[in-house]
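Each remark here refers to the structure printed beneath this line.
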Amino acid sequence: MKLGELLNDYRSKYKISMDEFSKVSNLTKGYISMLEKNEHPRTKKPIIPSYETVQKIAKGMGISFEDLLTKLDADQEIAVNATPDFFFVSDIQKIYNQLKGVEKNKLLKYANNLLIKQESTEQLYAVTGLSASAAASGWGRGYGYDDNDIYTVYTNEEPPRHDISTMVIGDSMEPEYHDGEMLYLADKGISTYNGDLAVVVYEDRTYFKKVYTEQDQIRLISLNKKYDDICIDFPPAEDSHIKIFSVVGSFKPIEV
């Protein structure tokens, strides 16, 4: 499929508006529209997205650049932008222009891997994770919580102030949060909730949901509409354990 077709299918599947995707991808609504129609409104010529555009769309979809490349048709053209201060085509652009089909994608994938390797030599921040399964439930039943399950992941962005972090497991919070992402959590104590994103630890199970305080209970709601709401007695019985952590940020770990 062409890039615009893939993007349109993704937005349709997850019911994401152009305005919403514009915010997560940092692309303009007008450009997204042109890309999906694959036609420039003035020249009527097909849209040739840039390398940077493909990266932004991959980020907006919550997948890697490489995964998005594998979904594209072999004849999907991608422009490798030259430095704007000089009016010549770079050596890499010349090579790219001479390649055909899948070989172009191979070059982009190789170049992107080099960029990731280069970025990995920059400053990395170690983040301690607690319980690899203590986050989103793809089946709505929560996951086992283990205080002793501690591990370390890395990011190149300075973490916000937080108490612990944990990994998202499953698809119950898609399309905004994806399997394998990390959540920064803050312990702000028990409070009232009105759609706040939180990780709820209840009876040694964990749930990553939108939380609402209701009479005699709290309601846990998934962003993914295929999952039913979960209701928990609140305040809990004396012999029950409940802990609620507010989500204060998220990131995708860097492989090192």
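The values are calculated or read from the model by the stated rules, or taken from the named source; none is laboratory data. None of the values given here were measured: they were computed from a predicted structure. Because the Cβ atoms are built from the backbone with ideal geometry, glycine has one as well, and the counts that use them run over all protein chains shown. Note: areas computed on protein heavy atoms with side chains; ligands, DNA, RNA excluded. Shrake-Rupley method; radii C 1.70, N 1.55, O 1.52, S 1.80 Å.
Based on what the data block shows, is ALA58 at pLDDT below 85, in contact with an Asp or Glu (Cβ under 9 Å, 6 or more places away or on another chain) and aliphatic (A, V, I, L, M)? No; evaluated as a whole, the condition is false for this residue.
Taking the criterion of being in contact (Cβ under 8 Å) with a residue 40 or more places away in the chain, over 21 Å from the mean Cα position of the chain (by Cα) and open to solvent by 40 Å² or more (accessible area, probe 1.4 Å), the residues of the range 236-256 that qualify are HIS241, LYS243.
Sort out which residues of the range 222-235 are buried (at least 16 other Cβ atoms within 10 Å of the Cβ), among the hydrophobic types (A, V, I, L, M, F, W, C) and farther than 30 Å from GLU158 by Cβ, and write them in order of number. Within the range 222-235, ILE230, ILE232, PHE234 meet the criteria. The single residue among ILE230, ILE221, ILE164 that is of a type in the set (Val, Ile, Thr), in contact with a strand residue (DSSP E or B) (Cβ under 9 Å, 6 or more places away or on another chain) and within 18 Å of VAL127 (Cβ to Cβ) turns out to be ILE164. Taking the range 157-256 and the strands (runs of 3 or more DSSP E) fully enclosed by it, the elements with 2 or more residues that are of a type in the set (A, V, I, L, M) are at 164-167, 182-186, 194-202, 217-221, 230-233, 242-251. Put simply, of ASP9, ASP19 the only residue that is among the acidic types (Asp, Glu), modelled with pLDDT of 90 or more and not in a loop (DSSP other than H, G, I, E, B) is ASP9. Filtering the range 118-172 to residues that are on the phi > 0 side of the Ramachandran plot and modelled with pLDDT of 50 or more leaves SER131, GLY170. Would you mind telling me which numbered condition in (1) within 22 Å of ALA237 (Cα to Cα); (2) modelled with pLDDT of 85 or more ASP204 fails? Of the numbered conditions (1) within 22 Å of ALA237 (Cα to Cα); (2) modelled with pLDDT of 85 or more, the odd one out for ASP204 is (2). Restricting to the range 19-45, name every residue that is of a type in the set (A, V, I, L, M) and either within 23 Å of PHE251 (Cα to Cα) or open to solvent by 50 Å² or more (accessible area, probe 1.4 Å) (or both). Passing the criteria: VAL24, LEU27.
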